[in-house]
Amino acid sequence: MKRGLGRGLDSLITTNSVAKEHSDTLPILNILLSKIEPNKEQPRKYFNEQALIELSESIKEHGVIQPIIVRGVEDKYMIVAGERRFRASVIANKETIPCIVKTCNNATLLQLSLIENIQRDNLNPIEEGLCYQKLKDEFLFSITDISKKVSKNKTTISNSISLLSLTEEVQHLIINNNLSVAHGKLLLSIKNPSLQIETANYILKHSLSVKEADKKIKSLLIKKTTTSLSTPSTIDYVKRFDSISKQLNSILGSNVNLKTNKKNGTGKIEISFSSEKDLNRLLSIFNKMK
């Protein structure tokens, strides 16, 4: 099954169980969207725009059924769980959203939720690595501690964290199921970022198996060279920018056309919109990004 970088804290924290646990003790408040901010530290960075649009249409008709979880931060609120519902409500032009406010700094809740969702095995490899890294950095867990908590062997955990050292472009190939985790582990041996990306594209272009990719990478490292695997071609150049264009299409939910100058690497981005309503939707996305 193809899974994108898509869940983050909205999935890492089991919102249904959290909301159920506190629904009898904490009130549900309708809070202005303008008073709520996403958590910049959460692992999730990309959202399926088409899915957000579909959710926003449901919210227009039925409202937000499940309240989001927030914490008070100075005179505003920070999202703990529910950013997808928050974003969809913005697109739906809602003014408020139902919230359960956690007034304490409940690090234990976050820790246990991270662990629970890792055990549920519903994260893609990069998200899983981010969770392990978060447990290490924020809660000072050792690899052994994590292994005991999530019932996975230490090698699996270490390998998952190591994937975060790959270039962002190669990570996206793994997220989108273009490359396997095994391919990613092989690419870690290439420290030069440009060569790592080029090798990943070479593996894709020639549909190399893990065994074939291993042989190719070992041969490349033995030569101790950073020269290209093959002479760059117009086809390779177009393929690379086509991949970037598809990523932008997914993020924005609109047709994106890249016009590039191969000689100097400059260019421009054209984003299509179907109506004034669609244009306002794009504007909302850019405003949130800002």
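The values are calculated or read from the model by the stated rules, or taken from the named source; none is laboratory data. From a predicted model like this one, the values you see are computed outputs, not experimental measurements. Backbone-built Cβ (ideal geometry, glycine too); neighbour counts: all protein chains shown. The area values use the complete protein model at the heavy-atom level, side chains included, leaving out ligands, DNA and RNA. Shrake-Rupley method; radii C 1.70, N 1.55, O 1.52, S 1.80 Å.
Here's the yes/no breakdown for (1) farther than 30 Å from ASN255 by Cα; (2) part of a helix (DSSP H, G or I); (3) modelled with pLDDT of 80 or more:
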residue: ILE53; (1), (2), (3): no, yes, yes
residue: GLU61; (1), (2), (3): no, yes, yes
residue: ILE65; (1), (2), (3): yes, no, yes
residue: GLY72; (1), (2), (3): yes, no, yes
residue: TYR77; (1), (2), (3): yes, no, yes
residue: ARG84; (1), (2), (3): no, yes, yes
residue: VAL101; (1), (2), (3): yes, no, yes
residue: GLN111; (1), (2), (3): yes, yes, no
>> One residue is enough: does the stretch 241-251 have a residue meeting the conditions at pLDDT below 90, under 30 Å from ARG85 (Cβ atoms), open to solvent by 80 Å² or more (accessible area, probe 1.4 Å) and in a strand (DSSP E or B)?
In response: no
> Any residue in the stretch 180-200 that is in contact with a Phe, Trp or Tyr (Cβ under 9 Å, 6 or more places away or on another chain) and either open to solvent by less than 80 Å² (accessible area, probe 1.4 Å) or at pLDDT below 90 (or both)?
Replying inline: no
>> Pairs needed: first member in the stretch 132-152, at negative phi and of a type in the set (Lys, Arg); second member anywhere, open to solvent by 50 Å² or more (accessible area, probe 1.4 Å) and part of a helix (DSSP H, G or I); C-beta distance under 9 Å; at least 6 residues apart or different chains.
In response: LYS136/ASP145; LYS149/GLN119; LYS152/GLN119
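Do we have ASN176 as among the polar types (S, T, N, Q), modelled with pLDDT under 90 and either under 15 Å from ARG240 (Cα atoms) or touching a Cys at 6+ places or on another chain (Cβ under 9 Å) (or both) here?
Spelling it out, ASN176 is indeed among the polar types (S, T, N, Q), modelled with pLDDT under 90 and either under 15 Å from ARG240 (Cα atoms) or touching a Cys at 6+ places or on another chain (Cβ under 9 Å) (or both).
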